[in-house]
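The values are calculated or read from the model by the stated rules, or taken from the named source; none is laboratory data. Owing to the predicted nature of the structure, the values given are computational and were not obtained by experimental measurement. Methodologically, a virtual Cβ is constructed for each residue, glycine included, from the backbone with ideal geometry; neighbour enumeration extends over all protein chains shown. Surface accessibility is based on the protein's heavy atoms, side chains included, excluding ligands, DNA and RNA. Shrake-Rupley method; radii C 1.70, N 1.55, O 1.52, S 1.80 Å.
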Amino acid sequence: MPGDVEIAQLKEHLREVDDLRSAASLLAWDQSTYMPSGGGPARGRHLATLGRLAHERLVQPDVQRLVERLARRSDELDGVDADLVRVVARDVDRATRYPSSFMAMVTEHAAASYGAWTRARQLGDFGAVAPYLERTVELSQRYAAYFPEAAHPVDPLIDAADEGMTVATVEPLFAELRAALVPLVESVADSAPRRPALPIARNDEAQLRVALQLATDLGYDLARGRQDVTAHPFAIRMAHGDVRITTRLDPGDLAEALFSTLHEAGHALYEQGVARELEATPLASGVSAGVHESQSRLWENLVGRSLPYWHYALPIVQRSFPEFKALDPERAYRGVNQVRRSLIRTEADELTYNLHVIIRFELELALLAGRLQVAELPEAWAARYQSDLGVLPEGHADGVLQDVHWFAGLVGGAFQGYAIGNVLSVQFFDAARAALPDLDAHLTGGTFEPLHGWLREHVYAHGRRLPPMTLVERVTGRPLTIEPYLAYLRGKYLGAAATLAAPA
Ligand code: ZN
């Protein structure tokens, strides 16, 4: 077939782009785990160089022509190759919209902004970082201008993370979500400070060991992965044979190590499950921010915060932590499902989490549309926390400065995936449950292969072969929809069997 030679050429080229990106991933992993702080400036430069080389290689004119020729005859190509050409055409189109000098400027500004944010957050000083944020908003608007067809300046940024979604689709979804969640939180949430879910008085290897056992029991393959400690947990893929997770430890609460690990293991199961034949092509990764987050949340919440799961997990915890000998699964379950009105997104429970996300999403829309000035942001933030969560930040560190996202890249596109992921986690889990009628018994018994295998076959193996919303529809039989998610929350927190509103 005439396409075969050209497909082989394209794949060879893409392998080099992938090599550069994988090397950058390894440097980024090291930066967040073991690099001495003195390595910071040089590491920023190394990453910028690798990023620029990968970008330049992707947008080379001969590669563009090759992709165009292959796209014209994509019906001659076999399924995987046709999908590859579609995805590469999309990536190349997005990457050629802006000059590499623009991205270099963004990268440089982001590094300076990140440094200023780190200092400003410690001091709770929004004024110190406001000029950087003003510049970031301006750069984000310029980025949007490279996509003149976009209806809203945030659309190109959303599309980069969650293909096919726009402000016009996300806004009504979030409005519906907010309308349902605010009264639900009102009736369930407690304003008392959260108590440690699994209080401990020692901080040692046992935390990591137990967390890792829970992850490997789910199916996380240590021959193709490893676990390290970090302050801001993440999972990262270097290759099919190397997908790493990180864990955050809290010296007073074992739950932090367990749930940060389950969350990142969920991301890692997705990456480890991508079909090997897609290796070293742009198809070899999770398909979107929202679908990725749906898998971390599925394993963390639908599995890890369920009562059946605690029948399996508690004895494992008790073996290493005899202080929990008197605990029973029901009480452990209540402990890990406390609902609190809180100020910090990353500490939020299942019920309040999306409200934190929606606030950020709406504020970034207003910033980019010019309806809100950076100087007005803290006040707008406080007003939304008061109305949606009934709490007021005491200072900027607990408020507008808490998340890195607006201070380390462009504004827009980074938050909606968290809430979309929560919604999709239930949609995927319901589909799995319909196919696996004994799912609860499996979870109680610590048998995770049926669920893992089902997700691997229906979601993970495809990588980026199908557009995210096509994947959702094919796997769950319906488009993205919030009813199953709301039904899950209402059942868990308000249903007849719900015991979660009662003090643990
Ligand atoms: Zn995540």
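Which loop GluC sites (Glu not before Pro) in the stretch 340-387, with loop taken from DSSP, have no more than 11 other Cβ atoms within 10 angstrom of their Cβ?
Qualifying residues, ordered by number: none.
Of interest is the spacing of the C-alpha centroids, which for the stretch 192-209 and the stretch 245-287 amounts to 21 Å.
Annotation for the stretch 219-236 versus the stretch 303-345: alpha-carbon center distance of 22 Å. The calculated FRET efficiency for residue 449 paired with residue 4, based on their beta-carbon distance and R0 = 41 Å, is about 0.65.
The distance separating the Cα centre of the stretch 22-41 from that of the stretch 94-151 comes to 22 Å.
Stretched out straight at 0.36 nm per residue, the stretch from residue 108 to residue 232 would grow longer than its current Cα-Cα span by 42.4 nm.
Projecting label points 7 angstrom from Cα along Cα→Cβ for residue 97 and residue 46 puts them 3.1 nm apart. For the chain, which whole percent of the accessible surface, found with a 1.4 angstrom probe, sits on carbon and sulfur atoms? Ligands and nucleic acids excluded, carbon and sulfur give 53 percent. Each label was represented as a point 7 Å from its Cα along the Cα-to-Cβ direction; for residue 379 and residue 145 these points are 2.8 nm apart. Summary value for the chain: 20 percent relative contact order, contacts being C-alpha pairs under 8 angstrom separated by 6+ residues. The residues of the chain have, on average, 41 Å² of accessible surface per residue, using a 1.4 Å probe with all protein chains present. Peptides 478-490, 153-165 ranked from most to least packed give 153-165, 478-490, packing being the mean of other C-beta atoms within 10 angstrom over each peptide's residues.
List the relative contact order of the stretch 52-100 as a percent without decimals, with contacts defined as Cα pairs under 8 Å and 6+ residues apart.
In percent, rounded to a whole number, it is 52.
Here the simple spin-label model places points 7 Å from the Cα toward Cβ, and for residue 387 and residue 239 these points are separated by 5.3 nm. Averaging the sequence gap over all C-alpha pairs within less than 8 Å and six or more residues apart, then dividing by the number of residues, gives the stretch 281-380 a relative contact order of 15 percent. Using only side-chain charges placed at the Cβ, +1 for Lys and Arg and -1 for Asp and Glu, the dipole size of the chain relative to its Cα centre rounds to 540 debye. Subtracting the Cα-Cα distance of residue 223 and residue 30 from 0.36 nm times their residue separation leaves 67.6 nm of extension gain. Extension gain for the segment residue 166 to residue 128, taken as residue separation times 0.36 nm less the Cα-Cα distance, is 10.5 nm to one decimal. Dividing the helix sum by the residues of the chain, where each DSSP H run of 4 or more adds -39500 (n - 2.57), gives a mean residue ellipticity at 222 nm of -19500 deg cm²/dmol.
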